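Have a look at the structure below, then the notes.
The values are calculated or read from the model by the stated rules, or taken from the named source; none is laboratory data. Quantities reported herein were computed from a predicted structural model and do not represent experimental measurements. Glycine gets a Cβ as well: all are built from the backbone with ideal geometry, and neighbour counts include every protein chain shown.
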Amino acid sequence: MSSKRSNWKITRAVLEFLLEASKDAYPSEMFFYLSGSLKKRVINEVIIGYFNSSPEAVIYRPEALPVNLKIVGTAHSHPSGDPRPSRADLESFQRFGGVHIILAYPFNENSWKAYNSYGEEIEIEVIEES
Ligand SMILES: [Zn+2]
């Protein structure tokens, strides 16, 4: 599957945090909300890391989220090593934000992929800072 160009960017610091946290939690799954600038389309903040919780469990509990949360997307880990979204992932991608990252085992620079709300793979540029 070829990936689509997107104008989304992520800071290296956030990407490294996501990979490290996923590695630390392995074999449990991690889930994060991504925040940043919708205008600049930059992800430069991780809002919440739910440890050992499925995205579905979080998304169906909106009262668990802080008020004024500016979510631009989500990220979660796949301890299985398969970076493709599950059917449940595809449903959840439509609920929050426009960019969704799946961090697959072994959680290195080459083992993550990003998707849009429709589950289509997109390219995200890694930038040094926002
Ligand atoms: Zn998943």
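Among all residues of segment 39-58, there is at least one that is more than 26 Å from Glu128 (Cα to Cα) and either among the charged types (D, E, K, R) or at pLDDT 90 or above (or both). You will find that of Ser80, Ser92, the residue that is among the polar types (S, T, N, Q) and surrounded by 17 or more Cβ atoms within 10 Å (Cβ to Cβ) is Ser92 and no other.
The set of residues in segment 108-124 being part of a loop (DSSP other than H, G, I, E, B) and within 14 Å of the ligand (Cβ to nearest atom) consists of Ser111, Gly119. Collect the residues in segment 5-20 that are exposed (fewer than 13 other Cβ atoms within 10 Å of the Cβ) and closer than 13 Å to Val99 by Cα, keeping them in residue-number order. Result: Arg5, Asn7. Scanning segment 14-39 for residues being of a type outside the set (Phe, Trp, Tyr) and part of a strand (DSSP E or B) gives a total of 5. With respect to the conditions (1) assigned to a loop (DSSP other than H, G, I, E, B); (2) touching a His at 6+ places or on another chain (Cβ under 9 Å), Ser92 lacks only one, and its number is (1). Counting only residues that are at pLDDT 85 or above and touching a helix residue (DSSP H, G or I) at 6+ places or on another chain (Cβ under 6 Å), which one in segment 61-96 is farthest from Ile122 (Cα to Cα)? Result: Ala88.
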